[in-house]
Amino acid sequence: MKLHLHPTVEDHRIAWLAAAAVSIHILEALLPSPLPGLKPGFANVITICVLCLYGWSTAAWVSLLRVLVGSLLLGTFLSPTFMLSLAGALASLLILWPMTRLPGRGFGPVGYSLAAAMAHISGQFLLAWGWFVPHAGIWRLFPVLLSFAVLVGLVNGIITQKVVKHLHD
Amino acid sequence: MTLADKAVVFIAVLAAGLSFYFAWQPSAPGTLLEIYQDNTLYERHSLNEPATLNVPGKLGDSVIEIDQGRARFQSSPCTSKFCVHAGWMQQAGDVIACLPNGVHIQIHGGQGRFDAIAF
Amino acid sequence: MNRLKILFSTFIFVFLLSACQQEPEPEEHKSTMMVFGTLVTITLWDVEEDKANEAISAVADDLSFMHEAWHPWRPGPMGRMNQLLGMAGEFTGNISVIPLIEKSRTLSEQSQGLFNPALGKLVKLWGFHQEDMFASFPPPQEEIDKLLAANPQISDIRIDDVRISNDNPAVRLDLGAIAKGEAVERSIDYLRSIGIDHAMVNAGGDLKAIGRHGDRPWHIGVRHPRKQCQEENQAECLIARLDVRDNEAVFTSGDYERYFEDNDKRYHHILDPRTGYPADQTTSVTVIHHDGATADAAATALFIAGPEQWPQIARNMGIEHVMLIDKQGRAHLTPSMAERIELQDDDIETVIQELP
């Protein structure tokens, strides 16, 4: 049986962008981390770029494909790591959706990136707390990770801003 | 940066600061490790007694190491090794879990167990 | 939606592999079993798994053998001897009990008769010879008086090699206040003889240790004589904590161990040979000594001696480390015990007592 695919331009675009995001995701996974969840999240630069350039639904595809394919390649599919990753991505997308609907000048890459980073870590924590470790002790870790998320979100937002500007020019 | 961006930055920094205040109430270093298997207590072990314990789980044995008042998953049959990467814990209230294997460990404060009780 | 189809087909081909890792040998082997009429916990440190299991089961076998051999009323060597002690004439004693009788005689003399293993009949009169079932009221006074008047002493037994004769028909041997100590001592001897250097044998709260627990000494807690508590919050019911050094036995006698109640009065198992009644000035005594049997007999003798007389008896028996809790809850300590022990409650009134 032969499978016939008729990919659209949109499909191609998603595939390329997701591939780029997955590459960054995997490279990051190789970095040593002092704490689980402490990652720079550079893959999100791609997500926010896509959000700014092509809109929310394309960004959602790229983001979720990144989580899925990344986990398959790293061998963490359906593991807690994957679940946490997915929870973070879903939480980010959830907060980004209303933000893109704001009238006027609205948010720029920095606002998106920062909000996404904070939503990401909060989503992961809620999942970890509700499912993996139903114990209040885990919240002692939260401030550290949240502060880190703010820092990373800010840095990634500024990078994204430069990339988007560069692509526009 | 737009005005909305600046608002997000402000809220983010404020939230991060407040989270420290709310989440970091002081807690004493723990002395007792509780090991749970499928949410039922499997064993208690003093953190002052160095030990390497095999804890059977759904997938296989998790190896819990206790040393110098700290505890960690030394190895685990789960694929993610999330619990192993979590490293050492030593504060009362700290928890590390290996969900696929159904094993979690938790540090309790107060007096640790003894090698024996004389009576 | 082609994209969704591809996504879905990807899921189907995914399998998870789990990595296996080698398990390191645990350094501690701890085993608890019901032997010697109590719960015995053997802890071994730094022993190979197979050797540890072998050693633990050998000790368990030895302990149950000793328990039968030394039981005063069961049909073993000691039970047989008690039968023969009741008859006139000389007989041949079983060699598995003679060394222990000799040791008991020495300790009884040192304790000035407060540790009196010849009062088997008194123990039986009170019903404390049974492991799980006690009497529900004290025995009649005249029976106690009659027995005490006969004054059974272990010195009434004359041992000439294996030939034994007895001058006092009231003598029956109950080595309950020394047997556990001797059993723990022999268990440790055995473990050492097979090359185990770090171990603790804990027979129902009386223990002896050799070596260390890894990079630290053995830690133990001493139970508070008046606080009741559950297994899970042991810390709350402790009166003190203590590090046990190499070749040290820690033995405790308490009025909370074996007792029955009648008319709201508690009658416990540590009987004063002078009155025939439970000794009532003390609630618990803890002693440290290198020899388990000596520590065991001394804990009993000092308990009976009470808060006034104990220093002199401790001196006679060669016991330097003593903690005695009197019925007012005061802790009487020898200076060397005070150095070693860490009381858990600052409110406890302590009396440091030099030995004469």
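The values are calculated or read from the model by the stated rules, or taken from the named source; none is laboratory data. Just so it is clear, the structure is predicted and the values come from calculations on it, not from any experiment. Cβ sites come from the backbone with ideal geometry, for glycine too, and all protein chains shown count toward neighbours.
The set of residues in the range A:17-27 that are at pLDDT below 90 and surrounded by fewer than 17 Cβ atoms within 10 Å (Cβ to Cβ) comprises A:ILE26, A:LEU27.
Being more than 14 Å from the chain's Cα centre (by Cα), modelled with pLDDT under 85 and more than 12 Å from chain A (Cβ to nearest Cβ) is a property that does not hold for B:LEU53. Within the range C:71-99, residues that are closer than 21 Å to C:VAL35 by Cβ reach partners that are assigned to a loop (DSSP other than H, G, I, E, B) and hydroxyl-bearing (Ser, Thr, Tyr) with beta carbons closer than 9 Å, at six or more positions or on different chains, in the pairs C:GLY76/C:SER96; C:PRO77/C:SER96; C:MET78/C:SER96. Just one of the numbered conditions (1) more than 8 Å from chain B (Cβ to nearest Cβ); (2) part of a loop (DSSP other than H, G, I, E, B); (3) not acidic (Asp, Glu) is not true of C:ALA240: (2). Is it the case that the range A:28-37 has a residue that's under 19 Å from A:ALA128 (Cβ atoms) and buried (at least 19 other Cβ atoms within 10 Å of the Cβ)? Yes, the range A:28-37 contains at least one residue that is under 19 Å from A:ALA128 (Cβ atoms) and buried (at least 19 other Cβ atoms within 10 Å of the Cβ). For the range C:94-110, the candidate set comprises residues that are among the polar types (S, T, N, Q) and assigned to a helix (DSSP H, G or I); within that set, the residue that is surrounded by the most Cβ atoms within 10 Å (Cβ to Cβ) is C:SER104. Please go through the range C:26-55 and pick out each residue that is away from every other protein chain (no Cβ under 14 Å) and within 18 Å of the chain's Cα centre (by Cα). C:MET33, C:MET34, C:VAL35, C:PHE36, C:GLY37 - these are the residues of the range C:26-55 that are away from every other protein chain (no Cβ under 14 Å) and within 18 Å of the chain's Cα centre (by Cα).
Among the residues of the range C:276-308, the ones that are among the polar types (S, T, N, Q) and part of a loop (DSSP other than H, G, I, E, B) come to 1 in all. Residues in the range C:137-190 that are under 24 Å from the mean Cα position of the chain (by Cα), closer than 30 Å to C:LYS265 by Cα and surrounded by fewer than 22 Cβ atoms within 10 Å (Cβ to Cβ): C:GLN153, C:GLY176. For the range C:212-238, a residue qualifies if it is modelled with pLDDT under 80 and more than 28 Å from C:ARG192 (Cα to Cα), and the qualifying residues are C:GLN228, C:CYS229, C:GLN230, C:GLU231, C:GLU232, C:ASN233, C:GLN234, C:ALA235, C:GLU236, C:CYS237. The set of residues in the range C:267-284 that are aliphatic (A, V, I, L, M) and more than 19 Å from C:VAL171 (Cα to Cα) contains only C:ALA279. Considering the range A:1-110, the qualifying helices (runs of 4 or more DSSP H), each wholly inside and each with 2 or more residues that are in contact (Cβ under 8 Å) with a residue 60 or more places away in the chain, under 30 Å from B:ALA4 (Cβ atoms) and out of contact with any strand residue (DSSP E or B) (no Cβ under 6 Å at 6 or more places or on another chain), run over A:43-54.
Counting the residues of the range C:247-256 that are surrounded by 18 or more Cβ atoms within 10 Å (Cβ to Cβ) and not in a strand (DSSP E or B) gives 1.
Looking across A:LEU93, A:LEU68, one residue alone is more than 11 Å from the chain's Cα centre (by Cα) and either crowded, with 21+ Cβ neighbours inside 10 Å or more than 8 Å from chain B (Cβ to nearest Cβ) (or both). It is A:LEU68. The number of residues in the range C:257-275 being in a loop (DSSP other than H, G, I, E, B) and out of contact with any helix residue (DSSP H, G or I) (no Cβ under 9 Å at 6 or more places or on another chain) comes to 4. Against the conditions (1) in a helix (DSSP H, G or I); (2) closer than 30 Å to B:VAL103 by Cβ, A:VAL155 satisfies every one except (2). Scanning the range A:122-141 for residues that are modelled with pLDDT of 85 or more and facing chain B (nearest Cβ under 9 Å) yields no hits at all. Restricting the first member to the range B:1-19 and to residues that are closer than 20 Å to A:GLN161 by Cα and more than 7 Å from every other protein chain (Cβ to nearest Cβ), and the second to residues that are modelled with pLDDT of 90 or more and not in a helix (DSSP H, G or I), no beta-carbon pair is closer than 6 Å while six or more apart or on different chains. Looking only at residues of the range C:68-118 that are under 18 Å from C:SER155 (Cβ atoms) and among the basic types (Lys, Arg), we find that the one that is farthest from the chain's Cα centre (by Cα) is C:ARG105. Does C:LEU207 count as of a type outside the set (Phe, Trp, Tyr), touching a residue at least 12 places away in the same chain (Cβ under 8 Å), buried (at least 24 other Cβ atoms within 10 Å of the Cβ) and within 14 Å of chain B (Cβ to nearest Cβ)? Against the criterion (of a type outside the set (Phe, Trp, Tyr), touching a residue at least 12 places away in the same chain (Cβ under 8 Å), buried (at least 24 other Cβ atoms within 10 Å of the Cβ) and within 14 Å of chain B (Cβ to nearest Cβ)), C:LEU207 qualifies. Per the conditions (1) of a type outside the set (Phe, Trp, Tyr); (2) closer than 13 Å to C:ALA199 by Cα; (3) within 14 Å of another protein chain (Cβ to nearest Cβ); (4) touching a helix residue (DSSP H, G or I) at 6+ places or on another chain (Cβ under 8 Å), the sole criterion not satisfied by C:VAL59 is (3).
Scanning the range B:58-87 for residues that are within 14 Å of chain A (Cβ to nearest Cβ) and either of a type in the set (Phe, Trp, Tyr) or not in a strand (DSSP E or B) (or both) yields a count of 15.
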